[in-house]
Amino acid sequence: MIDPEVLAKIGRLDLKARAIVEGFMTGMHKSPYKGYSVEFAQHRGYVPGDDLKHIDWKVWGKSERFYIKQYEAETNLVCTLLVDSSTSMRYVGKDAHGKLSKLAWAQLAAAALTYLVLNQSDAVAAGTFADGINGWVERSTRKIHLQRVVDLLEQAPETKQTGIGKALHDLAQRVRRRGIVMVFSDLFDDVATLLPGLAHLRHGGHEVVVVQVLDHDELTFPFEGMVQFKGLEAPGIALCHPRSVKKAFLDELHKHLTAVKAACQKNGIEYVQADTHMPVDVVLSAYLARREHMAAAGGRG
Amino acid sequence: MNLLAPLLVGFTVLGAVPIIIHLLNRSRFRVVEWAAMEFLLRTLQKNSRRVQLRDVILMLLRTAAVVLVALALARPTYAPGRFAIGGSGSVSAVVVLDNSLSMGCRDAVDTRFDLARKAARSAIEGLPKGSAATVVLMSDVAVSEVAEPTQDLAYLLTALDQAPLSDGGTAIATGLQAAWSILGKVSASAREIYLVTDLQARGWPAADDVAWAELVRTIAAAKDVRLFIADVGRGDAAGNVAVEKVEFSDDLVGTDGEATVLATLRNHGETPAIGVSVDLLVDDGKGGELRPSATALVDELSGTAQVRLACRFDRGGRHRIEVRTGPDRLPADNTRRVVVDVVDKIKVLIVDGAAEGGVPGGATFLRAALSPGISMPAAGVDASAADQIEATVVAPGQLAGLTLDDFQAVVLSDVAQPSAAVADALASFVAGGRGLLIFLGGNVQPAAYNRILGERGLLPGTLGSAPRALLDDKGVAGIGFATADLTHPIVAFFADKAAQPWLAQPRFRQAWPLAVAVPANGAKADTAVVARFADGQPAVTSRAVGRGEVVAFAAPADKEWSDLPLRPAFLMLTRRAIQHIALGSRPRLTLAVNETIVQGVPARDAGETFIARDPRGGESRLVPVAGRDGTAVVQLSATAFAGFYEIARDNVTFRFATNPPAEESDLALLAREAVAERLPGLVPAWIGADENVAVRIEHGRTGRELWPLLFAIAVACLVAESILALVWAPKGT
């Protein structure tokens, strides 16, 4: 699922949170909060010199052997990835890169980001949604968490309804710990329902990034001849000459995109538009580079 | 409306192809499962009507283009009021061929008449099968060789080839009237008039001419009458110099001296003509050829110029003269001809009333005034040869024994009372074209004059019962002539202010009152007041009697009542009066073409045959008709050609001249727009000089072909469709 080439291209980039998050990362993160808690990760055999307080006495009681507990380091960055798995995301245009549907593109992007975050020992939580969150994996920093995320993404159920607003509200309640929340969706929903969900997330103190994944066909409407359009998600059939309505359709879509962008800006949410015509790595690279540049500018300021 | 290729109209069904394609396209589509369906549905909801309208417009444009091209293939034509399939049927046609003088103009290689004949021939040859036609030759008269349209077109073409160019003016109304007179009686379904002319402006009636307007209205109201005008005129009036007028400076031309010919030239062009030569030619009076007599050169001619040319005549009789100028593109108006009666001697018989108790001297004064050479012969001079007027004095009693025909005029000088027989002789004498001059003095018996002469029409007015005294404003005896209103030829000389003092000199103490009858209701008067006294009463009166004239002086020619005989005016008045009446009502020897020549002949010649010869060598036979007054008249009306005519019998030859109307030399053409204004309701089809007449007539007959228009509209539809499709296509894709 993960293109190693894609991974190789983004692996060098750091994902740095723009907003102030809880906790710290050794050498890379700083946390304003004191204290920390750890999570047990795994056992290893006792080696003389290890700190005795990390000996797992329960295991000694059972096995009369000495094992040291290894813990996951608690990080400041929790990256929550939410991918829209509604039916509308399954559209594949003729110009889609690698013939990826919007969903596949979003899945690939989410997986790549999971790898990147885990690689830098940050935590990733992931979920899928349609008319609500229909799949979820809790955050983890473990490398093997990548597979769990991938499995989640691949097994996302197809649902004809989209309810982004509900999903965002659900998410806001699930994710307590502040971090980055990235939502991958085509956002083909009423902006009025989208806005409160986004606002809820921001209210939780999260840095929210909305990646609107659109197919190139949706952005250019390139159809010729007589075409009967059947709704993938929304009901309806329309027989028309696409050329004759092209401009009007694109104007209508553009109005929606502008409204979405405005809603995001209003709530301090970062908005990224992704065209599936572009390879995932190109989009992510550009995005991450921009974040690094902005973080550097902000640090210097 | 007509379809020249009706079978091809079936291709218009191809107009259904765009519709069929549209329907097929709608049935052939691909299916796309679309994620952004809401946006698409919203778009369609907002724009469906506009989109459908655009689709309909584009489809209509495509369909229209196909239909129009198919219709153009069928070659539709449009002629108001006509509908036919596959061409035109037979027609009845009149070709009005302008053969006026201006058609002899050579604008290029051919004359306008050559072009006109070709056009007429083409029109006749292009007639549909079964058609009938005739030709009307139009100048200022209309002549038709064939009275009704004939289907024998070969004969018509022969007549056309032989049609001559006339020297007449142009009268479009005459030609059109003649054409309508023929066509109006024809009950054909299609009637056509082909007017072949140079559009000379002067030939067209004004738009407000009532008779013309009525003619046009009548023709326009008639069904199925088409007018075609073949315009063969070109150029302008530039380069046309014409001899406009030729006349003698004196009314009476005699052998007694040099005669002066006044020739008026006119340059009808804008550019001055340089070095215009003018030649005068005269004949010998015996029918011999004309010989050059004088020549002049006009250095620069702009507008008009009068040239004086001198000549002498050795003998009396009718002489032919010609004035010629140099060649130009219209030669026919470069020569003008005149026939003049040159007077050798005027024989005058003076009846001296003094022989019967009148005051002596009147006849003597008269003879001295009329024949000064005889009265006062100079040593070594042949007196009879010197005087143009040969006066003979007789007593009244000698009149009965004389043959009045030997004289041109008789003068009654204070004769008391002419006898009835004398009066009868005088009446016949005057009616035959001679003159009677009466001087009324103290010897005159007024009642006898009123009865004897007056009843025979030999008095210009009624004589009063007694002479009256002429007193001026202060009551002093003696008044003169009035010097106003001197229009009569006898006194016209005194209209010149330099000559008026002579007329004002004589003083009259007494005169006979003459009541001159004024005709009622504006009828033409045969009496006239030649001159008045200063108190307004008639002094000299005249009366036309038959072909002659009577002139009466209200005072005698002696010194008893006035000092007139002692004044220079007496010489002028008496000589001019004699010259005026001596030759009587002379026949007009110089006429316009197409005018009738009238020549009086002795009554004994009535019923005899005279031979008439025209300038082109044609001959015809004429028979004189007896008149009322014991005379006979021979008439020749076939005078379409300019030149000299002769009417002859035995050893007697009468000569005449005809000339074209001077206005015909104005070659200015009328613009087609101006012609159209003169044809309200009658829209002509125009044929230019360079166009194929038969083809243009066929177009005019079937109507204007519409295929170029339809094709242009079809192209416009396709262009509009392309542009609209481009404009309505989405941008930035």
| note | Restricting the stretch B:259-298 to residues that are assigned to a strand (DSSP E or B) and of a type in the set (D, E, K, R), the one surrounded by the fewest Cβ atoms within 10 Å (Cβ to Cβ) turns out to be B:R291
| query | Can you name the residue in the stretch A:243-263 that is of a type outside the set (G, A, S) and more than 19 Å from A:T276 (Cβ to Cβ) and, of all such residues, is farthest from the other protein chains (Cβ to nearest Cβ)? | reply | A:T258
| message | Among the residues of the stretch A:221-244, what is the count of those that are surrounded by fewer than 18 Cβ atoms within 10 Å (Cβ to Cβ) and under 26 Å from A:V283 (Cα atoms)? | response | 1
| note | Of the conditions (1) of a type in the set (D, E, K, R); (2) within 14 Å of chain B (Cβ to nearest Cβ); (3) surrounded by fewer than 20 Cβ atoms within 10 Å (Cβ to Cβ), the single one that A:D217 does not satisfy is (3)
| field | B:R26, sole failed condition from (1) modelled with pLDDT of 80 or more; (2) surrounded by fewer than 16 Cβ atoms within 10 Å (Cβ to Cβ); (3) of a type in the set (D, E, K, R) | value | (1)
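Among the residues that make up the stretch B:212-231, is at least one of them over 30 Å from B:V186 (Cβ atoms) and not in a strand (DSSP E or B)?
So the first thing to find is which residues in the stretch B:212-231 are over 30 Å from B:V186 (Cβ atoms), and the list is none.
Checked against the condition, which is being over 30 Å from B:V186 (Cβ atoms) and not in a strand (DSSP E or B), the stretch B:212-231 yields no hits at all.
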| Does A:D275 satisfy the criteria of being among the charged types (D, E, K, R), within 8 Å of chain B (Cβ to nearest Cβ), touching a strand residue (DSSP E or B) at 6+ places or on another chain (Cβ under 8 Å) and within 19 Å of A:V83 (Cβ to Cβ)? | no
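Give B:D563, B:D558 a once-over and let me know the one that is crowded, with 18+ Cβ neighbours inside 10 Å and in contact (Cβ under 8 Å) with a residue 12 or more places away in the chain. Walk me through it before giving the result.
Working: B:D563 fails: crowded, with 18+ Cβ neighbours inside 10 Å.
Step by step, each of B:D563, B:D558 is checked, and only B:D558 is crowded, with 18+ Cβ neighbours inside 10 Å and in contact (Cβ under 8 Å) with a residue 12 or more places away in the chain.
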| Inter-residue pairs, beta-carbon under 6 Å, first modelled with pLDDT under 80 and in the stretch A:273-301, second not in a helix (DSSP H, G or I), 6+ apart | A:A295/A:K16
| said: If I ask for residues that are modelled with pLDDT of 90 or more and of a type in the set (D, E, K, R), which ones from the stretch B:348-366 would you list? | reply: B:D352
| query | Among the residues of the stretch B:76-94 satisfying the criterion of being crowded, with 19+ Cβ neighbours inside 10 Å and of a type outside the set (A, V, I, L, M, F, W, C), which is modelled with the highest pLDDT? | reply | B:S92
| query | When you go through A:L171, A:L187 one by one, which is the residue that is in a helix (DSSP H, G or I) and crowded, with 19+ Cβ neighbours inside 10 Å? | reply | A:L171
| note | B:V338 vs (1) buried (at least 24 other Cβ atoms within 10 Å of the Cβ); (2) touching an Asp or Glu at 6+ places or on another chain (Cβ under 8 Å); (3) β-branched (V, I, T): all pass except (1)
| said: What pairs come out if I take residues in the stretch B:19-42 that are more than 7 Å from chain A (Cβ to nearest Cβ) and pair them with residues that are in a helix (DSSP H, G or I) and not small (G, A, S) whose C-beta lies under 8 Å away, six or more apart or interchain? | reply: B:I19/B:M59; B:I19/B:T63; B:H22/B:D55; B:H22/B:M59
| Do any strands (runs of 3 or more DSSP E) entirely within the stretch B:621-673 hold 2 or more residues that are surrounded by 14 or more Cβ atoms within 10 Å (Cβ to Cβ) and either at pLDDT below 90 or small (G, A, S) (or both), and if so, which? | B:632-636, B:643-649
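Taking into account only those residues within the stretch B:163-187 that are in a loop (DSSP other than H, G, I, E, B) and in contact with a Pro (Cβ under 8 Å, 6 or more places away or on another chain), which is surrounded by the fewest Cβ atoms within 10 Å (Cβ to Cβ)?
Applying the first criterion (in a loop (DSSP other than H, G, I, E, B)) to the stretch B:163-187 yields B:163-171, B:184-187.
Within this subset, residues satisfying the condition of being in contact with a Pro (Cβ under 8 Å, 6 or more places away or on another chain) are B:167-169, B:186.
Values: B:D167: 26, B:G168: 28, B:G169: 24, B:V186: 16.
Within the stretch B:163-187, the match that is surrounded by the fewest Cβ atoms within 10 Å (Cβ to Cβ) is B:V186.
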| Would you call B:L137 aliphatic (A, V, I, L, M) and closer than 27 Å to B:C105 by Cβ? | yes
| Would it be correct to say that A:E233 is within 7 Å of chain B (Cβ to nearest Cβ) and at pLDDT 90 or above? | no
| message | Test of understanding: among A:V209, A:V227, A:V245, A:V283, which residue is of a type in the set (A, V, I, L, M, F, W, C) and within 24 Å of A:G163 (Cα to Cα)? | response | A:V209
| field | Which listed residue, of B:L97, B:L160, B:L71, is in a helix (DSSP H, G or I) and modelled with pLDDT of 90 or more | value | B:L160
| request: Could you tell me which numbered condition B:L252 fails, if it satisfies all but one of (1) at pLDDT 90 or above; (2) buried (at least 19 other Cβ atoms within 10 Å of the Cβ)? | output: (1)
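Which of the residues spanning the stretch B:29-63 are assigned to a strand (DSSP E or B) and either modelled with pLDDT under 90 or surrounded by 12 or more Cβ atoms within 10 Å (Cβ to Cβ) (or both)? Break it down into steps so the answer makes sense when it comes.
If we filter the stretch B:29-63 for residues that are assigned to a strand (DSSP E or B), which is where we start, we get B:30-34.
Hits for the stretch B:29-63 are B:R30, B:V32, B:E33, B:W34.
Select from the stretch B:388-414 the residues that are more than 17 Å from B:T574 (Cα to Cα) and either part of a loop (DSSP other than H, G, I, E, B) or of a type in the set (K, R) (or both) and write down the one among them that is modelled with the highest pLDDT. Explain how you work it out, then say what you get.
Of the stretch B:388-414, the ones more than 17 Å from B:T574 (Cα to Cα) are B:394-406.
Retained after the next criterion (residues that are either part of a loop (DSSP other than H, G, I, E, B) or of a type in the set (K, R) (or both)): B:395, B:402-403.
Numbers: B:A395: 91, B:L402: 85, B:T403: 86.
This residue is B:A395.
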| field | Criterion violated by A:V282 - all others in (1) within 14 Å of chain B (Cβ to nearest Cβ); (2) of a type in the set (A, V, I, L, M, F, W, C); (3) assigned to a helix (DSSP H, G or I); (4) surrounded by fewer than 18 Cβ atoms within 10 Å (Cβ to Cβ) satisfied | value | (1)
| said: Which pairs turn up if I take residues in the stretch B:44-66 that are of a type outside the set (V, I, T) and look for partners that are surrounded by fewer than 19 Cβ atoms within 10 Å (Cβ to Cβ) with beta carbon separation below 7 Å, at least 6 apart in sequence or on another chain? | reply: B:R54/B:W728; B:L58/B:L724; B:L58/B:A725; B:M59/B:I19; B:M59/B:H22; B:L61/B:A720; B:A65/B:L718
| Failed condition for A:V208, given (1) in a helix (DSSP H, G or I); (2) closer than 17 Å to A:D84 by Cα; (3) away from chain B (no Cβ under 14 Å), with all others met? | (1)
| field | Residue within the stretch B:272-280 that is closer than 30 Å to B:V675 by Cα and without any contact (Cβ under 8 Å) to a residue 40 or more places away in the chain present | value | yes
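Can we say B:V146 is β-branched (V, I, T), closer than 20 Å to B:P684 by Cβ and not in a helix (DSSP H, G or I)?
Details: β-branched (V, I, T): yes; closer than 20 Å to B:P684 by Cβ: no; not in a helix (DSSP H, G or I): yes.
Answer is no for this residue.
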| said: For the list (1) in contact (Cβ under 8 Å) with a residue 40 or more places away in the chain; (2) in contact with an Asp or Glu (Cβ under 9 Å, 6 or more places away or on another chain), I need the number of the one condition that B:K223 fails. | reply: (2)
| Just checking, which of B:V253, B:V261, B:V243 is under 28 Å from B:A201 (Cα atoms) and not hydroxyl-bearing (S, T, Y)? | B:V243
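The values are calculated or read from the model by the stated rules, or taken from the named source; none is laboratory data. What you see is a predicted model, and the numbers here were worked out from it, not measured in a lab. So basically every Cβ, Gly included, is an ideal-geometry build from the backbone, and we count neighbours across all protein chains shown.
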